[in-house]
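What follows draws every value from the coordinates through simple rules; no lab data is involved. The structure displayed is predicted, hence computed values, not measured ones. When we count neighbours, we look across all protein chains shown, and the Cβ atoms used for this are built from the backbone with ideal geometry, even at glycine.
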Amino acid sequence: MRAGFPDFRLGNVLATSFTGTLSERQGDPVERIPTPQRLIDWLAVYGLAVDSCTPAQLDRARELREAIHAAATAAAIQDPLPAAAVHVINDCSAQGRAAAVLTPEGERRWRLSSASRVEDALGVIAADAISIIAGERDGKLALCASPTCQAAFFDTSQSRTRKWCDMNTCGNRQKKARFNANRRKNPRPAR
């Protein structure tokens, strides 16, 4: 990753990982794709390599990210999906012309219509969001239990009771806070 930017929070689900490019939404937000180049970097990590990205394409990507977050949050709490978010997701999905291709190793990769087609990459992300929000995949949308995060994530654990979007950040932070609070309540006597 490029120096000077916060690390990406990588996950196994494309759409919810994309919403994680803005974290700590309820605290001090951390923008992980502040520049067009950072969006190019994030897309490359997920096998959606593009050669270039304009500021307008970055704006569109952020609009899609927020639409997915809004729709996934609504789905997680079983509220009606916001019409504006659904429109953005559908529009991005329809504009993309990426094709799934099978590699000789038996893996799925995405072929974008050209190496600079951010719209194709956003179409893949939007299609992934549609599949999880529509309930087509085995798992459950949930919201992070961290009061400063509350990110939508896709829980594929066997029990479907995961509490945090990422155990290494939000989960550890909450466990550490609980541990420190318990130590303050019950200090050990000096020896």
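Shown is the FRET efficiency for THR54 and ALA100, computed with R0 = 25 Å from the Cβ-Cβ distance and rounded to the nearest 0.05: 0.45.
Here the chain is assigned +1 on the Cβ of each Lys and Arg and -1 on the Cβ of each Asp and Glu. Its dipole about the Cα centre then comes out at about 1440 debye.
Stretched out fully, how many nm does the piece from SER159 to VAL45 gain, at 0.36 nm a residue minus the Cα gap? Mind dumping the intermediate values first?
Values: separation 114, 0.36 × 114 = 41.04 nm, distance 2.89 nm.
The span from SER159 to VAL45 would gain 38.2 nm if fully extended.
Stretched out straight at 0.36 nm per residue, the stretch from GLU31 to SER113 would grow longer than its current Cα-Cα span by 26.7 nm.
How do 138-146, 18-26, 79-87, 102-110 rank on mean C-beta neighbours within 10 Å, highest first?
Answer by packing, highest mean first, reads 18-26, 138-146, 79-87, 102-110.
Let me know the shape class of the range 1-74, please: from the alpha-carbon gyration tensor, a ≥ b ≥ c as square roots of the eigenvalues, rounded when a/c is under 1.5, otherwise prolate if a/b is greater than b/c, or oblate. Judged from the Cα gyration tensor, the range 1-74 comes out rounded (a/c under 1.5). For the range 76-116, relative contact order (Cα pairs under 8 Å, six or more residues apart, normalised by length) works out to 26 percent.
Each stretch of four or more DSSP H residues adds -39500 (n - 2.57); spread over every residue of the chain, this sum gives -13500 deg cm²/dmol at 222 nm. Out of every Cα-Cα pair that the chain contains, those further apart than 21 angstrom amount to 54 percent.
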